[in-house]
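Quick notes on the structure that follows.
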Amino acid sequence: MSLPLHDINKLIDALKKDGGDGVDLTGVSLKGRNLQRISLQEAVLKKADLSGSDMTGCGLADADLTGANLAKAHLERTYADSAIFRNATLAGARIIDSMFDKADLSGAACERMEMSKTTATAANFTKAKLAGAKLSNTSLQMADFTRADLSKAQLVSSELHYANFDRCNLSGADLSGADLYQANLSTAVTTDAVFAGAKYDTKTKWPGKPPTDAVFVKNPKL
């Protein structure tokens, strides 16, 4: 499909009319634009500027947003399973009621990002910068947080079954009420982290003794 890349208004109109599945929009600037409900599945958006854009209802499954700027973007009810956000910027972005299963956010700058009521099963957050991020009430089962910075992040009441926190910085993070069944925190930094009411089982790996205010569950239903 031939797209009018030289005229952003016409480009957006074309994407809304015909969709953008599989299109190459590398480096395009759509900063602050209304992109609601545009389908961009398998699209290439490497290094695109989507900062402040409204992507409510967008389809981003299998899209490649490597190095893209999505700072303060709105990603509500967005379908982004297996999308690639490697080394992208999502600082201050709002991801609400969305699907991010198996999404790759490795190395992404996600400071103060809000992700809630979202499913991000087996998502890759390796080396992601998530300081101060709000990841509460979200399904993060089997997520990989290896060497991620989650300092002062909020993961209240999130599902973290089988999550991997290898060498992750959880200092000052709030994991109150989170499910940590079979999670690996054995090498995580947990200084001043809060685990009040967090649930764990015999296969949860802690860096030391389990927190006294966490709740042990003998046979959890996973």
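Laboratory data are not the source of any read-out in this text; all were calculated from the coordinates shown. No experiment lies behind these values; they were computed from the predicted model shown. Positions of Cβ are backbone-derived with ideal geometry, glycine not excepted, and every protein chain shown enters the neighbour counts.
Amide H to amide H distances under 5 Å link E76 with M55, T56, G57, I96, where only residues 5 or more positions off or on other chains count and H is placed in the peptide plane.
For segment 113-201, the convex hull spanned by the alpha carbon atoms encloses 65 Å³ per residue.
Listed by chain and number, the aspartates and glutamates whose alpha-carbon sits under 19 Å from that of K152, ignoring those within fewer than 8 places in the same chain, are E111, E114, D144, D166, D174, D179, D192, D213. Any idea what angle helix 8-18 forms with the longest principal axis of the chain, computed on alpha-carbon atoms, 0 to 90 degrees, nearest 10? The angle comes out near 80 degrees.
Counting neighbouring beta carbons within 10 Å and listing from fewest to most, the residues S139, S98 come out as S139, S98. Rounded to a whole number of µm²/s, how large is the Stokes-Einstein D of the chain at 20 °C and 1.002 mPa s, given Rh as the Kirkwood radius over C-alpha pairs? Diffusion coefficient, whole number: 122 µm²/s.
Ranked by the mean number of other Cβ atoms within 10 Å per residue, highest first, peptides 9-19, 107-117 order as 107-117, 9-19. Neighbour counts of other Cβ atoms within 10 Å put I95, I38 in the fewest-to-most order I38, I95. The modelled label-to-label distance between T191 and I96, using points 7 Å beyond Cα along the C-beta direction, is 3.5 nm.
Annotation: aspartates and glutamates with alpha-carbon distance below 17 angstrom to K47 (same-chain offsets under eight excluded): D24, D62, D64, D104. Which whole-angstrom value gives the distance between the alpha carbon centres of segment 33-80 and segment 124-146? Spelled out, the Cα-based centre of one part sits 19 Å from the other.
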